[in-house]
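Since the structure comes first, as structure tokens, the remarks are kept for the end.
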Amino acid sequence: MTAMDVNQILEYLPHRYPFLLVDRVLACEPGQRIVAIKNVTINEPYFQGHFPHYPVMPGVLIIESMAQAAAILTFHSEQARPDDRSVYFFVGIDNARFKKPVVPGDTLRLEVAIARHVRGLWKFAAQALVDGVLVAESEIMCTVRSIKDKETG
């Protein structure tokens, strides 16, 4: 099992602030699963508008944080790194459920396991927990695709 700090995470994800939603990897078992952390802080830019009177992390960003953890697992499993010739696409979400609001001060524990990998399409079972309590879950599908040369588009 591999743990990663934020500098190592940046090697596996093309995302940067303010859209980097994984702060630490506690464990990564290539080809199996990943456990990662997102520290939710009041200075996140979305809290200014969601909601000023009761800040709540948007559900789509909880799902995105699970997808970013899945991306780290994918690249680590493939022994690859993202580059400027490909994009890791989020291609589907099934059975997404939100059980409890996530608020500033929470530590979001992201648990993502590979459910299936066929011909470049990855399917994951993902959960987000706070203090051991399930706050969100979904099945996520992702793929890596080559992109055309920007100059010849």
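I'd like to know if segment 76-91 contains one or more residues that are in a strand (DSSP E or B), of a type in the set (A, V, I, L, M) and within 19 Å of ILE140 (Cα to Cα).
Narrowing segment 76-91 to residues in a strand (DSSP E or B): 86-91.
Among the residues that remain, those that are also of a type in the set (A, V, I, L, M) are: 87, 91.
Keeping just the survivors that are within 19 Å of ILE140 (Cα to Cα) gives 87, 91.
So far as segment 76-91 goes, yes, one or more of its residues are in a strand (DSSP E or B), of a type in the set (A, V, I, L, M) and within 19 Å of ILE140 (Cα to Cα).
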Could you check segment 27-60 and list, in sequence order, the residues that are outside any loop (DSSP other than H, G, I, E, B) and either farther than 15 Å from LEU73 by Cα or free of Cβ contacts under 8 Å to residues at least 60 places away in the same chain (or both)? ALA27, CYS28, GLU29, LYS38, ASN39, PRO45, TYR46, PHE47, GLN48, GLY59, VAL60
Does ARG33 qualify as being surrounded by 14 or more Cβ atoms within 10 Å (Cβ to Cβ) and either in contact with a helix residue (DSSP H, G or I) (Cβ under 8 Å, 6 or more places away or on another chain) or of a type in the set (Gly, Ala, Ser) (or both)? yes
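Among the residues that make up segment 138-149, is at least one of them loosely packed, with under 15 Cβ neighbours inside 10 Å and part of a helix (DSSP H, G or I)? Give the steps one after another, and end with the answer.
Residues of segment 138-149 loosely packed, with under 15 Cβ neighbours inside 10 Å: 145-149.
With the extra rule that they be part of a helix (DSSP H, G or I), the set shrinks to none.
No, there is no match, as no residue in segment 138-149 is loosely packed, with under 15 Cβ neighbours inside 10 Å and part of a helix (DSSP H, G or I).
Residues to consider are GLY120, GLY105; find the one that is over 23 Å from GLU11 (Cβ atoms) and small (Gly, Ala, Ser). Please lay out each step first, then the result.
Working: GLY120 fails: over 23 Å from GLU11 (Cβ atoms).
It is GLY105.
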Subset of segment 61-89 (residues that are touching a His at 6+ places or on another chain (Cβ under 9 Å) and either among the small types (Gly, Ala, Ser) or at positive phi (or both)): ALA71, SER77
Of the numbered conditions (1) closer than 15 Å to ARG33 by Cβ; (2) touching a residue at least 40 places away in the same chain (Cβ under 8 Å), ALA96 satisfies every one except a single condition; which is it? (1)
Working only within segment 45-89, note down all residues that are within 23 Å of LYS123 (Cβ to Cβ) and among the polar types (S, T, N, Q). SER65, GLN68, THR74, SER77, GLN79, SER86
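So is ALA27 at pLDDT 95 or above and touching a Pro at 6+ places or on another chain (Cβ under 9 Å) or not? Walk me through it before giving the result.
Working: at pLDDT 95 or above: yes; touching a Pro at 6+ places or on another chain (Cβ under 9 Å): no.
Against the criterion (at pLDDT 95 or above and touching a Pro at 6+ places or on another chain (Cβ under 9 Å)), ALA27 does not qualify.
The values are calculated or read from the model by the stated rules, or taken from the named source; none is laboratory data. These figures come from a predicted structure and were not determined experimentally. For neighbour counting, all protein chains shown are included, and Cβ atoms are generated from backbone atoms with ideal geometry for every residue, glycine included.
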